[in-house]
Amino acid sequence: MEIRAATVLPARREPIELHTGDGLTLVGELALPADRPPVATLVTLHPLPTHGGFMDSHVYKKAANRLPALADLAVLRFNTRGTSSERGTSEGAFDGGEGERFDVAAALEYAEYHDLPHVWVVGWSFGTELTLKWAHDPLVEGAILLSPPLHRATDADLDAWARFGRPLVALVPEFDDYLRPEEARARFARVPQAEVIGVDGAKHLWVGEPYVRIALDEIVKRVNPAAHPLPTEV
């Protein structure tokens, strides 16, 4: 069977709640391999909720639908404060990336408490800003950024990640609306361990199955190299 945009592969999918340090309850889902423990974990941070981003943003939904089965990964998705999806609405209100520090911390605390292994943070657009600003946690083994705008995240945040020392991979679409590969390489040069990958033909929202496959392949290549490249059929 060819893996298509709507393919959903077997997994254990559990509704979860996250509890923030400032007293909010956030809703989410944890997807796990169906019949074995995960070998690594993705904590995903979604695009800007004021522009339609949420835990079901399509790259993350497809990651949860495929990667537990294809790459033995746990995929944790959740709605940041004030964000809604089919799973429900997280308490609180959008705070421009500041109060969301508690949301990031709650997701990482959940992963630690539930002994999820080898945690990598995957941020997309606004989620990359949250990653760079708030994911400097000893639990985090590395981060992957999809379409980083480097708008709320500043050079000071890049310098902080450089000191943090964990791997950082930025997947930058050729036709991104905010930051394109050449400029991204210049901006990320201040992070010695950063790798910037330009993705030919891609746009900020990663629309189109070929670009989703590239994004998921690059994620798996870093997080569970033994499962790379991902199959296109099952």
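The values are calculated or read from the model by the stated rules, or taken from the named source; none is laboratory data. All of these numbers come straight from a predicted model, not from anything done at the bench. Heads up, the Cβs are rebuilt from the backbone with ideal geometry, glycines too, and the neighbour counts pull from every protein chain shown. Note: accessible area is taken over every heavy atom of the protein model, side chains too, but ligands, DNA and RNA are not part of it. Shrake-Rupley method; radii C 1.70, N 1.55, O 1.52, S 1.80 Å.
Condition first: open to solvent by 30 Å² or more (accessible area, probe 1.4 Å), among the acidic types (Asp, Glu), modelled with pLDDT of 95 or more and in a loop (DSSP other than H, G, I, E, B). Can you find one or more residues in region 103-111 that meet it? No, region 103-111 contains no residue that is open to solvent by 30 Å² or more (accessible area, probe 1.4 Å), among the acidic types (Asp, Glu), modelled with pLDDT of 95 or more and in a loop (DSSP other than H, G, I, E, B).
The rows are residues; the columns are (1) within 22 Å of His136 (Cβ to Cβ); (2) among the hydrophobic types (A, V, I, L, M, F, W, C); (3) out of contact with any Cys (no Cβ under 6 Å at 6 or more places or on another chain); (4) in a loop (DSSP other than H, G, I, E, B).
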site	(1), (2), (3), (4)
Leu26	yes, yes, yes, no
Pro38	no, no, yes, yes
Thr41	yes, no, yes, no
Lys61	no, no, yes, no
Leu76	yes, yes, yes, no
Arg81	yes, no, yes, yes
Asp95	yes, no, yes, yes
Glu98	yes, no, yes, yes
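Looking at the structure I just gave you, is Ala143 open to solvent by 10 Å² or more (accessible area, probe 1.4 Å) and either at pLDDT 95 or above or under 12 Å from the mean Cα position of the chain (by Cα) (or both)?
Against the criterion (open to solvent by 10 Å² or more (accessible area, probe 1.4 Å) and either at pLDDT 95 or above or under 12 Å from the mean Cα position of the chain (by Cα) (or both)), Ala143 does not qualify.
Quick check on region 108-128. Is at least one of its residues touching a Gly at 6+ places or on another chain (Cβ under 6 Å) and polar (S, T, N, Q)? No, region 108-128 contains no residue that is touching a Gly at 6+ places or on another chain (Cβ under 6 Å) and polar (S, T, N, Q).
Applying a threshold of 6 Å to beta carbon distances and a minimum spacing of six or more residues, or different chains, the list of pairs starting in region 108-133 at a residue that is more than 14 Å from Arg77 (Cβ to Cβ) and ending at one that is of a type in the set (Lys, Arg) and at pLDDT 95 or above reads Glu129/Arg152. Scanning region 209-234 for residues that are open to solvent by less than 30 Å² (accessible area, probe 1.4 Å) and either of a type in the set (S, T, N, Q) or free of Cβ contacts under 8 Å to residues at least 12 places away in the same chain (or both) yields a single hit, Asn224. Take Glu17 and decide whether it is among the acidic types (Asp, Glu), in a helix (DSSP H, G or I), at pLDDT 95 or above and open to solvent by 10 Å² or more (accessible area, probe 1.4 Å). When the stated conditions are applied, Glu17 does not pass them. Is it fair to say Lys133 is more than 25 Å from Tyr211 (Cβ to Cβ), part of a helix (DSSP H, G or I) and not hydroxyl-bearing (Ser, Thr, Tyr)? Considered against the rule, which asks whether it is more than 25 Å from Tyr211 (Cβ to Cβ), part of a helix (DSSP H, G or I) and not hydroxyl-bearing (Ser, Thr, Tyr), Lys133 comes out as yes. Set side by side, the residues Gly123, Gly127 differ, and just one is open to solvent by less than 40 Å² (accessible area, probe 1.4 Å), at negative phi and assigned to a strand (DSSP E or B), which is Gly123. Within region 146-187, the residues that satisfy the criterion of being surrounded by 14 or more Cβ atoms within 10 Å (Cβ to Cβ) and part of a helix (DSSP H, G or I) are Asp157, Leu158, Ala160, Trp161, Ala162, Phe164, Pro181, Glu183, Ala184, Arg185, Arg187.
If I ask for residues that are surrounded by fewer than 15 Cβ atoms within 10 Å (Cβ to Cβ) and over 20 Å from Glu174 (Cα atoms), which ones from region 188-208 would you list? Once the filter is applied, which keeps residues that are surrounded by fewer than 15 Cβ atoms within 10 Å (Cβ to Cβ) and over 20 Å from Glu174 (Cα atoms), region 188-208 yields Arg190, Pro192, Gln193.
Yes/no matrix, rows are residues, columns are (1) surrounded by fewer than 22 Cβ atoms within 10 Å (Cβ to Cβ); (2) more than 17 Å from Thr232 (Cα to Cα); (3) within 16 Å of the chain's Cα centre (by Cα); (4) hydroxyl-bearing (Ser, Thr, Tyr):
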| position | (1), (2), (3), (4) |
| --- | --- |
| Thr41 | no, yes, yes, yes |
| His51 | yes, yes, no, no |
| Phe54 | no, yes, yes, no |
| Leu67 | no, no, yes, no |
